Amino acid sequence: MRRYILRRLLQFVPSLLLITFIVFALMHAVPGDPARMMLGAGESLDEAQLASIRREYSLDKPLPVQYVLWLGRAVSGDLGRSTTTQRKVADEIGLRAVVTFELGLFAWLISAAISIPAGIASAVYRGRAPDIVGTALAVGAVAMPGFWFGIMLILLFGVRLGWLPTQGYIAIATDPLDALRHMLLPALALGITSAALVMRQMRSALLEVLALDYIRTARAKGLAQRAVVLGHALRNAMLPVITVMGLEIGRIFAGAVVIETLFGIPGMGRLMVQAVFQRDFTVVQGGVLVMAIAVLAVNFVTDLLYAVLDPRIRYDA
Amino acid sequence: MTELDRRTLLKGAALGAGSTVLLARHGRAAADKPQYGGKLRVAYQLAPGALDPIVGRSGGDAYYWRQFCDQLVDADSSLKPRPETSLAESWDVSDPKSVTLRLRKGVKFHDGTAFNAEAVKFNIDRLLDPATKATPRAAFTSVESVEAVDEHLVRFRLKRPWGSVLSTLADRGGAMNSPAAVKALGPDYAFRPVSTGPFKVAEFVSGSHVRFVRNETYWGRDGDGNPLPYLDELVMNIVPDPTVQVAALKAGDVDLIYLPVREVGNFLDNPKYNVNTFEGGGVSFLLSYNLAKPPMDNINLRLAIAHAINPEGIIKAVYFGRALPAKGGMWPNGAWAYDPTVPRPSYNLAKARDYMRLGGRPGGFEMDAVMWPSELNTPTAEIVRAQLAAIGIKLNLKVFEVTVATEKFYYGSEAPLFLTSWSRYPEPDWNASLIYRSDGYYNAGKVKDARLDALIDEGAATVDIEKRKPIYRKVDEIVLGEAQMVPMIYGITYAAAPRNVMGLDQVFGWDAKMYLHRMWPRKG
Amino acid sequence: MPSADTFLGQLLRSPRALFGLAVLAVVVLCAIFADALMPYDTEEMDFDRLLEATSAAHLLGTDQLGRDTLSRLILGSQVAMQVSCGAVGIGVAIGIPLGLVSAMRGGWIDDIIMRVMDAIVVFPSLLVAVALAAALGNSLGTVILAIGIANVPWLARITRGQALSLRELDFVAAAEVAGTTRLRVMQRHILPNSLAPLIVQTTLGMGYAVLTEAALGFIGVGVQPPTPTWGTMLQQAFPLLERQPMLSIVPGVAIFILVLAFNLLGDALRDLLDPRLRGLASARAAT
């Protein structure tokens, strides 16, 4: 087990390097003089200013050298300054990342709260009303663009009914109740697709387990239906479900990009899109690094959980 | 209404433009005594590029620095200098080789240090230093050096006459920073600025808001001698989406916003809100040509395009009727240089076709045009495309984000035409030097036009407004008559606040940006 | 694999497959014959009928510039089909060979290829598209490329998984021992027997491509005006949600129906071709 952990952690590094280098190269492949981009479409065509920018950001050096310089600083926590706002990238990302994390977590929790009971109900009442309705809704939810679902939520709960705020973000620290009210619709829109996928996974995993012999034996022995389900089947069914839920975290953070734009939430996704549009290299670099670390970390934890829960899986082979 | 307010309002009315207040319900107390101690929450679309006025490059920066800075020379809504609210009590521009400013006494920066001639020198020197990467640097090219003659007298030595000095000092370059704070904070000063204005920056949370608190020792007074500002606290929330802003205003989460045009009708009809209007708040849509790039090097084809576009349709569909067809040049309503009598292209399909023939392309042609996407720009570009198709021109739209688009067109020679908008630049020399002059950054083709250069230099060197007017009229005759840069639609800026927020009638500055110094929420 | 005639027969008897194929047929026909089917030119602007709801003249109403929504919807199907076919095409053309090579060669080649696949999966495909668009410019091609790249890892992993398990089987081992070149082994034995999950994945991938293009269009990346896409129609409609909700509802419904069709068809194919693949999600998880 320990060897496995170490090996996986070591595999992070090349992945991380690969990702960040590709992005670095991509951003510098963007046509246009980066020094001029940093100065902005401004009034100053001053060569002196451009030269000083080039020196400051080492733009005159070859690409791999620039990359290594950036990497060196990044390792010590210095992600540079945004070319559009001159603020420290680490600060900008920090604030936004917290927001996206809150949103993503809330979405994931809502998704779990909906999907797991629905999946269980669907499996237990297989072929009957709860299953038919549940499966139909799940199939529908996966086919629907999440942001369109968000727009429909805004239309219903914001425009027509006026029950919930439809835009903006309030920090939890400022006003927890209001924060939740603001985050409910976006989290729902963000989590709906995951909810559908997890629900179906829960259903099929549970069905598989319920069909197994030893479960039938337990039932034959007379244990109550509920005890059978909860006690034995669920524990075994959770394994693939947890894996999927772990994968879904990645999808949720990916979907956050659009949902943040739709609901006007100042999160990482929005920051990244704007940074790419504005050719803000340093923010893009720093953001990709943070996101890559986050996703790889989540994958790692998921794999670990999987291994812990099912000792039959052997990763050292 | 205080005396100062009435004067300002009348001045605006006399010039035929500026602020007008549309009160949804009549009946305002004759003298509303301002209440102190309130808090105002504003929602604004653009985040500050930096709070330090000379370093930020975002068009939205002025909203922020106007609240905590004073200008060396402040101006009223028509850009006429206003010494009562300026850091300079008086000035002498009679000498073509120098500008002398007599500074107000007893003004302190928020950190307690004194505002004096040395501080002004520090600021201007810092602006001129290439290492600072100051945004307004190019507007100060006439300045040779700055001298602190005595504690409250500062002199600029000029390389050449500087006709637009007073207007320029009303903008970024004239906002003063505390030298002590600049030296102490280094690059972090950009978001922790210290100045002399009615508010102090208390907190900046990136992507969220800027919070200001009252400057207890502010030197400014209102018309009745009451100390300014009235507010204890001011929060400017960064809300990029106008829909969100409107929702926040309706929910009572903010007290003041700009209204997107699609909401204006709703708010005018709503007795719970006041709406203030500023006509000519910007040039919402214009045609910017690259005179060196075919086929727009052909004057007839340029004129053909300018005559084929019908702003009325665009105003109806995209602006819901809430904009004005441009009748003059790039300096809109309310600017002293605004002149609707200059002959310029207007919608006329027959003439457009004639010009196509004269230009040698009666059958039409295909052409690239650069644009940047927005809720207003994108449908406008689509309409323009359809209107040009009527005379046989097939427009290929190349879409980029705004700063990239601007750079690509003006520096990268990306296309012969740029569909864009422009801030309100009431000082004609700004546009003239930046756009029309042969070496101007915003002169896409860098075509050398001796007539324009001569006129521009003359205008830049003349200080007397009455003498400058005819010069810039001649500039317009060339620029509009030869379709070098043709504004099509002037925007109307709308601001809305609930009825209990007072001071809305004085919210607009000369650039249609907000001054919040005289706002106060009425309790009860 | 089941033989052709019973397969098709079985497929057509499945209600899900029937729905999927029917919808696909309609959308493909719309895409191909758009010019003939559209009641109006998509650029025709009627300034007297702005933001109208359903009417006799305009079955699905008009947009902010007085353009017919139905016509724009029909033309939008072209982009939807182009993106889904193109993106999946790239996925197939690159992903399958990569997966085969990875499995057959093994060793460090396998490691490198799988690491690169991991790296791609880490990126939200949306951001990949945004970055590519910044570098290469906004266009249909960029969107197809970006979504295609996002598709590659899935197809590569499945192919690799299948190849690895098939290698163990006797007839493959026999072929290898008999001296058949690896290429032939891949062609003759491995690929044909791996088709089942790949077909399912490509079908589902097409639905995913449509969803991603819509999201990109909504945030303003990819195909630019005046070409209508279902995503950009939603982008332009959203600020006008209160004034004319139809504009926000219609393109979303179109996307929903098309993606549903792909998903149901994929489900039906999966059930038909190999019921054991029902746990496809767990197959993804295991790699």
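If you plug each phi of segment A:257-269 into the Karplus form 6.51 cos²θ - 1.76 cosθ + 1.60 with θ = phi - 60°, what whole-Hz ³J(HN,Hα) values come out, in order, with x for Gly and Pro?
So the Karplus estimates, Gly and Pro as x, are 3, 6, 4, 4, 5, 5, 9, x, 9, x, x, 4, x Hz.
Give the shape of chain A as rounded, prolate or oblate, defined through the alpha-carbon gyration tensor: a ≥ b ≥ c are the square roots of its eigenvalues, a/c under 1.5 means rounded, and otherwise the shape is prolate if a/b is larger than b/c and oblate if not.
oblate
Charges at C-beta only: +1 for Lys and Arg, -1 for Asp and Glu. How large is the resulting dipole of segment B:112-214 about its Cα centre, in Debye rounded to 20?
240
What dipole magnitude, in Debye to the nearest 20, does segment C:22-180 give about its Cα centre under +1 on Lys/Arg Cβ and -1 on Asp/Glu Cβ?
Charge dipole, segment C:22-180, about its Cα centre: 620 debye, nearest 20.
Using a 10 Å cut-off around each Cβ, can you sort B:Trp65, C:Trp108, A:Trp163 from fewest to most neighbouring Cβ atoms?
The fewest-first ordering by Cβ neighbours comes to C:Trp108, A:Trp163, B:Trp65.
For the protein assembly as shown, what proportion of DSSP beta bridges, expressed in % and rounded to the nearest 5, is antiparallel?
About 80 percent, rounded to the nearest 5.
Using a/c under 1.5 as the rounded threshold, could you call segment B:285-352 rounded, prolate or oblate? The axes a ≥ b ≥ c are square roots of the C-alpha gyration tensor eigenvalues, and prolate needs a/b larger than b/c, oblate otherwise.
Judged from the Cα gyration tensor, segment B:285-352 comes out oblate (a/c at least 1.5, b/c at or above a/b).
Choose one answer from C:Gln78, C:Gln64, C:Gln162: the residue with the largest mean-square fluctuation in a GNM of chain C with alpha-carbon springs under 10 Å.
Result for chain C, Cα springs under 10 Å: C:Gln64 fluctuates most.
Take the alpha carbon gyration tensor of segment B:385-512, find the square roots of its eigenvalues, order them as a ≥ b ≥ c, and report rounded if a/c is under 1.5; if not, report prolate when a/b exceeds b/c, else oblate.
Because a/c hits 1.5 or more and a/b fails to exceed b/c, segment B:385-512 counts as oblate.
Along the charge dipole of chain A, which of A:Leu18, A:Tyr67, A:Pro130 sits closest to the positive end, that is, farthest toward it, with unit charges on the beta carbon of Lys, Arg, Asp and Glu (+1, +1, -1, -1)?
The Cα lying farthest towards the positive end belongs to A:Pro130.
From the helices alone, meaning DSSP H stretches of at least four residues, give me the mean residue ellipticity at 222 nm for chain B, per-run term -39500 (n - 2.57), in deg cm²/dmol to the nearest 500.
Rounded to the nearest 500, it is -8000 deg cm²/dmol.
Treat the count of other C-beta atoms within 10 Å as a stand-in for reagent exposure and order B:Ser438, C:Ser248, B:Ser78 from fewest to most.
Taking fewest neighbouring Cβ atoms as first place, the list is B:Ser438, B:Ser78, C:Ser248.
Which aspartates and glutamates does B:Lys513 reach when only Cα atoms under 14 Å apart count, and residues fewer than 8 places away in its own chain are ignored?
B:Asp61, B:Asp74, B:Asp76, B:Asp171, B:Glu279, B:Asp505
Using the alpha-carbon atoms, what tilt in degrees (0 to 90, nearest 10) does helix C:246-273 show relative to the longest principal axis of chain C?
20
Where the convex hull is taken over the Cα atoms of the protein assembly as shown, what is its projected area averaged over directions, in nm²?
49.2
Give the lysines reachable from B:Lys108 as a straight Cα distance under 23 Å; neighbours fewer than 8 places away on the same chain don't count.
B:Lys121, B:Lys183, B:Lys200
Quick one: order A:Val244, B:Val384, A:Val139 by neighbouring beta-carbon count within 10 Å, fewest to most.
Going from least to most buried by this count: A:Val139, A:Val244, B:Val384.
Can you give me the C-alpha center-to-center distance between segment B:342-418 and segment B:35-69, rounded to a whole angstrom?
That distance is 34 Å.
Count, for each residue of A:235-243, the Cβ atoms from other chains sitting within 10 Å of its Cβ, then give me the mean as a whole number.
Mean partner-chain Cβ count within 10 Å for A:235-243: 2.
Of B:Tyr472, C:Ile219, C:Gly107, whose Cα points farthest to the positive end of the dipole of the protein assembly as shown (charges on the beta-carbon: +1 Lys, Arg; -1 Asp, Glu; origin at the Cα centre)?
Among B:Tyr472, C:Ile219, C:Gly107, the one farthest towards the positive end of the dipole of the protein assembly as shown is C:Gly107.
Give the angle, between 0 and 90 degrees and rounded to the nearest 10, that separates the Cα long axis of helix B:465-481 from the longest principal axis of the Cα atoms of chain B.
Around 30 degrees separate the two axes.
If the viscosity is 1.306 mPa s and the temperature 10 °C, what Stokes-Einstein diffusion coefficient in µm²/s follows for segment A:77-184 when Rh is the Kirkwood radius over Cα pairs?
For these conditions, the coefficient is 93 µm²/s.
With r defined as the distance between the Cβ atoms of B:Ser145 and B:Ser438 and R0 fixed at 22 Å, what FRET efficiency is calculated, to the nearest 0.05?
According to the calculation, E is roughly 0.20.
What is the helix-to-structure angle for A:129-143, meaning the angle in degrees between its Cα long axis and the longest Cα principal axis of chain A, kept from 0 to 90 and rounded to the nearest 10?
Approximately 20 degrees, to the nearest 10.
Pairs of alpha-carbon atoms within less than 8 angstrom and 6+ residues apart define the contacts here; what relative contact order does chain A have, in percent?
This gives 26 percent for chain A.
Could you size up the charge dipole of the protein assembly as shown around its Cα centre, putting +1 on the beta carbon of Lys and Arg and -1 on that of Asp and Glu, and report it in debye to the nearest 20?
Taking the Cα centre of the protein assembly as shown as origin, the dipole is about 2180 debye.
Using amide H atoms built in the peptide plane, which far-off residues or other-chain residues are under 5 Å from B:Asn274 H to H?
Excluding prolines and chain starts, which carry no amide H, the hits are B:Ala497, B:Arg499.
Hey, can you grab everything whose amide H is under 5 Å from the amide H of B:Ala390? Only 5+ residues off in sequence or another chain; H modelled, so Pro and N-termini drop out.
The answer is none.
So what is the calculated 222 nm ellipticity per residue for chain A, using -39500 (n - 2.57) for each DSSP H run with n of 4 or more, over all residues, to the nearest 500 deg cm²/dmol?
Estimated from H runs of four or more residues: -24500 deg cm²/dmol.
Could you work out the relative contact order of segment C:95-253? I mean the mean sequence separation of Cα pairs under 8 Å and 6+ apart, divided by the number of residues, in percent.
24
With a Förster radius of 30 Å, plug the Cβ-Cβ distance of C:Arg243 and A:Arg181 into 1/(1 + (r/R0)^6) and report the FRET value to the nearest 0.05.
Taking R0 as 30 Å, the efficiency between C:Arg243 and A:Arg181 is 0.75.
Based on DSSP H runs of at least 4 residues, each adding -39500 (n - 2.57), what is the mean residue ellipticity at 222 nm of chain C after dividing by all its residues, to the nearest 500 deg cm²/dmol?
The helix contribution divided over chain C gives -23000 deg cm²/dmol.
Mind giving me the nanometre distance, one decimal, between the label points for A:Thr174 and A:Val98, set 7 Å out from Cα along Cα→Cβ?
1.2
Compute the relative contact order of chain B as a whole-number percentage, counting only Cα pairs closer than 8 Å that sit 6 or more residues apart in sequence.
Once divided by the residue count of chain B, the mean separation gives 21 percent.
Expressed as a whole number of Å, what is the distance separating the alpha-carbon centroids of segment A:139-204 and segment B:141-159?
Going from one Cα centre to the other spans 60 Å.
State the answer as a single residue: which of B:Pro53, B:Met371, A:Gln201 lies farthest towards the positive end of the charge dipole of the protein assembly as shown, with beta carbon charges of +1 for Lys and Arg and -1 for Asp and Glu, about the Cα centre.
It is A:Gln201, whose Cα lies furthest towards the positive end.
Which of the lysines could a cross-linker bridge to B:Lys272, judged by Cα under 22 Å and excluding same-chain residues fewer than eight apart?
B:Lys33, B:Lys39, B:Lys250, B:Lys523
Please compute the Kirkwood hydrodynamic radius of chain B from all pairs of different C-alpha atoms, in Å with one decimal.
So the Kirkwood estimate lands at 24.0 Å.
Read the figures in this text as sums done on the coordinates, not as results from a lab. For clarity, every value in this text was computed on a predicted model and none was experimentally measured. Because the Cβ atoms are built from the backbone with ideal geometry, glycine has one as well, and the counts that use them run over all protein chains shown.
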